[in-house]
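Peer 1: Attaching a single structure in structure tokens format; questions to follow.
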Amino acid sequence: MQTVPRDASGGVTDTFRFEYQSRAERELLASLREAVPVIDAAIGKIVRLIGRFEIVTDDPRCQKIADDFVRSVGTNGSSRGMENFIYTYLDSLLTFGEAVGEMVPDAEGRNIAALYNASLDDVEIRADSSPLELTVCKRDDAGTVPVKYQSLVLATLLNPKPGTAHGTSILSGLPFVSSILLRIFSSVKTNWERVGDIRFAVTYSPDSNGGVLSEEDAQLIADEWKKAMRSDSVCDFVSVGDVSVKVIGSESQMPDCEVPVRQIMEQILAKLGIPPFLLGLSWSSTEKMSEQQADILTSELEYYRTVTEPVISKVIAAQLRLNGYDSGFKIEWNNINLQDAVELSQARLNNAQAMQIESQCKTEVSDE
């Protein structure tokens, strides 16, 4: 952690903390997505539900340039389209709280040839000169050095902590809860392995005539039992005397884990902001509750759209400037789902009917 002195203008606080996300933190967050499938599915749903966008300009020439760029720009070497870049960018932002991208111009410097999602293990987001300006540095053997062309680099922090250049992942707070869930799953796995591959306790009691079980007799019983259990076919174990066979652990019952697992899952989904029914969890809920959950999800998606819009604007503005245009534009997103479109149409219909009734009432009053 480092500090910088107060700015001469007095507009910056006395100290500014530099907090960097370590590789171990990122590995922990990535392992959560691998270990708990519902977390990975929820983030994937958010990324896909953010929807598609288009660029709208006033100049027809700029419109053609923007449309061609959004549709056909290369991304990450194997994909096409700016939407693929934004989806990967948002995925990194949600998982790690930080995302870094790069605009790669062509050899002539007249177009952006490709967009690249950088690995956070190779870069570091800092605020050396001012807490109001982020600087992207690359890591090498000599340490961290700022990227040469900062204007071609994209960096975003999700919910940064005040006074820091450190984003907050939506998975923050979940490692502890997820560890409990994984422990329950691990216990269930162990118990079912024991149920499917049971262990036996063979006990031999000598008769009442004073017979003593010798070591050779005990070994003989053990060998014959192992031979019967290892046989490919069903075998009977025949013995003389009082021999009892019990299954180890048969007296204990497997604890019911449905309630604790559901409670933990509720905590995880509450943190991620995803309604349970979107992940195939058939928890009891009323129709009204489902509508409210859908409205909450819509507000979450709108927020993530506003987070990615500065990145889209910077890329499109750079592409237009490289082609010699400085025209204004706006970003238009499609409706999040069909239900929103139906409700919007119904609202417009109701407003039109209300205006028609109001107009008729005014006409009747004026006639009187």
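Each reported figure results from applying straightforward, stated rules to the coordinates on display, with no laboratory input. This structure is a prediction, so every number in the text was calculated from the model and none was measured. All Cβ positions, even for glycine, are placed from backbone atoms using ideal geometry, and neighbour counts span all protein chains on display.
Peer 1: Calculate one ³J(HN,Hα) per residue across region 61-69 by plugging θ = phi - 60° into the Karplus curve 6.51 cos²θ - 1.76 cosθ + 1.60, and present them in order as whole Hz with x for glycine and proline.
Peer 2: 5, 5, 4, 5, 4, 5, 5, 5, 5
Peer 1: Using modelled amide H (1.01 Å from N, peptide plane; none on Pro or chain starts), what sits under 5 Å from the amide H of residue 135, excluding residues fewer than 5 places away?
Peer 2: Hits under the 5 Å cutoff: 126, 127, 128.
Peer 1: Sort the following peptides by mean Cβ neighbour count (other Cβ atoms within 10 Å, averaged over residues), highest first: 349-361, 72-84.
Peer 2: Per-residue Cβ counts within 10 Å, averaged per peptide and sorted highest first, yield 72-84, 349-361.
Peer 1: How far apart, in nm, are the 7 Å Cα→Cβ label points at residue 121 and residue 355?
Peer 2: Each label point lies 7 Å from its Cα, and together they span 5.8 nm.
Peer 1: If you don't mind, another one. Output the relative contact order of region 17-157, whole-number percent, from Cα pairs under 8 angstrom with separation of 6+ residues.
Peer 2: Relative contact order comes out at 19 percent.
Peer 1: Ranking request for peptides 152-163, 260-271: highest mean number of other beta-carbon atoms within 10 Å first, then the rest in descending order.
Peer 2: 152-163, 260-271
Peer 1: Near residue 271, which lysines are there with a Cα under 16 Å away, not counting those fewer than 8 places off in the same chain?
Peer 2: 45
Peer 1: Compute the distance from the alpha-carbon center of region 129-195 to that of region 45-61, in whole Å.
Peer 2: Distance between centres, Cα-based: 27 Å.
Peer 1: Taking a 21 Å limit on the Cα-Cα distance, which of the listed pairs 161/314; 226/246; 148/314; 64/330 fall beyond it?
Peer 2: The pairs that break the limit, which is 21 Å between Cα atoms, are 161/314.
Peer 1: Binning at 5 angstrom from zero up to the longest distance, how are the C-alpha pair distances of region 123-189 distributed in percent?
Peer 2: P(r) over region 123-189, rounded to whole percents: 3, 14, 18, 16, 12, 10, 8, 8, 7, 3, 1.
Peer 1: Right, another one. Let me check the size of region 54-111 from its C-alpha atoms; what are the radius of gyration and Dmax in Å?
Peer 2: 13.3, 39
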